[in-house]
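Below: the structure, in structure tokens.
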Amino acid sequence: MMTSVLAIALQDTNQPLLRPLPIAAADVLHNVDAPPRLVAHLRAVHDVAGQLLDWIAGRDLDLGISPEAVLFGAATHDIGKTLHPAELSAAGSQHEEAGRELLMAQGVDSVMARFAATHAAWTTDEAGMEDLLVSLADKIWKNKRVPELEDLVVARLAAASGRPVWEEFLDLDSVLARIGDQADERLAFQMSYPTVGSGRLPPDLPDALTTWFAKNGAGLRTRGISAELRHSPEDGRLKNSSWLTVEAGDRVTRITVWNSGEAELDFVDLGSGDHRPVHRDLRTEQELQALLVSVLDWIDPGTKG
């Protein structure tokens, strides 16, 4: 099976249901070979922007905005991270102006390209209501509340509606809380894609983990290691996962693998209270097996995988 920027951008999703990106945005992301996780992030933010626009449309407010511009901006705002991939997993601002330039190099006009630079600069003179909505969607997708940004949005809403600021604040707060309730599902969707590559997917790692557990589970129990394997629901989602929890004494580790090739581990020492999360991008079953050996060595240095 081949990964595809266009597939991530346009395919149907389940848990959460996310509207597809605009074709023009998907084409640009495809042309620059955007990383899978970036495309998934843009898909999540774009859906939140759509929900905000739906709410505004239902109120029949004249805010002087173009919904198409807001949606395109949300769908491309972080495209500069294609050139600065380190900022996919760490804070940084190099992607902002780089994103604007990259979009314009792809033939996108400056008005539509500006969101790549303004999504993190909502207090500048350049930031209008369209820019504020993209910035707000980029925060609320993961349920992050930024009072300064929300106050700017509320002021624009109050000016358009003629209602008191406090009334607009209460209405917006209710909408943001509702949208924020799905943050965990959106984050899981984003994290199910790797940060690098768009070529062939690795072997089905959830299946490989299941096979490994069937072969080794009984042996672990004879060594005094508690082990439990669980799977994500078989509900048609394209990204599936399995997670194995192993425990011995005060030490517990959970390893979660996705068929995207990613693995997330949590090492917990109940005695000391230490917690160490670890991320890995896996490409082969052999890498998974080596990772499992390291997990068992930490749980019990005398155990062999």
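Quick note: the coordinates plus some simple rules give every number you see, no bench work behind them. Everything numeric in this text was worked out from a predicted model, so none of it was measured. Neighbour counts are summed over all protein chains in view; Cβ atoms, including those assigned to glycine, are modelled from backbone coordinates with ideal geometry.
Using Cα positions and a limit of under 20 Å, work out the aspartates and glutamates in reach of LYS215, with same-chain residues fewer than 8 apart set aside.
Leaving aside aspartates and glutamates fewer than 8 places away in the same chain, those within reach of LYS215 are ASP204, ASP207, GLU228, GLU247, GLU285, GLU287, ASP297, ASP300.
Among rounded, prolate and oblate, which fits segment 124-180 when a ≥ b ≥ c are the square roots of the eigenvalues of its C-alpha gyration tensor, a/c under 1.5 means rounded, and a/b larger than b/c means prolate?
Oblate, since a/c reaches 1.5 and b/c is not below a/b.
Could you pull the Rg and Dmax for the chain, using just the Cα atoms, both in Å?
Using the Cα atoms of the chain, the pair Rg, Dmax is 22.1, 71 Å.
Okay, which of segment 100-115 sit inside 17 Å, backbone N to the point 7 Å along the Cα-Cβ direction of GLU68?
Only 107-115 pass the distance filter.
So how much slack lies between ALA155 and ASP173, counting 0.36 nm per residue of separation and subtracting their Cα-Cα distance, in nm?
Gain in length upon complete extension: 5.1 nm.
Charges on Cβ only, +1 for Lys and Arg, -1 for Asp and Glu, centred on the Cα centroid of the chain; of HIS77, ILE23, LEU288, which one is farthest towards the dipole's positive end?
Farthest towards the positive pole: LEU288.
So how far, in whole Å, is the C-alpha centre of segment 256-297 from the one of segment 58-123?
Cα centres, segment 256-297 to segment 58-123: 34 Å.
Which value does Rg/Rh take for segment 205-299 over its C-alpha atoms, Rh per Kirkwood?
Looking at segment 205-299, the ratio lands at 0.96.
Please give the FRET efficiency for THR124 paired with ASP274, using the beta carbon to beta carbon distance and R0 = 45 Å, rounded to the nearest 0.05.
0.60
Using only the Cα atoms, work out Rg/Rh for segment 15-83, with Rh taken as the Kirkwood radius, to two decimals.
Reported Rg/Rh, Kirkwood definition of Rh: 1.01.
Could you work out the helix-only [θ] at 222 nm for the chain, with each DSSP H run of four or more residues adding -39,500 (n - 2.57) and the total divided by the number of residues, to the nearest 500 deg cm²/dmol?
One gets -15500 deg cm²/dmol as the mean residue ellipticity at 222 nm.
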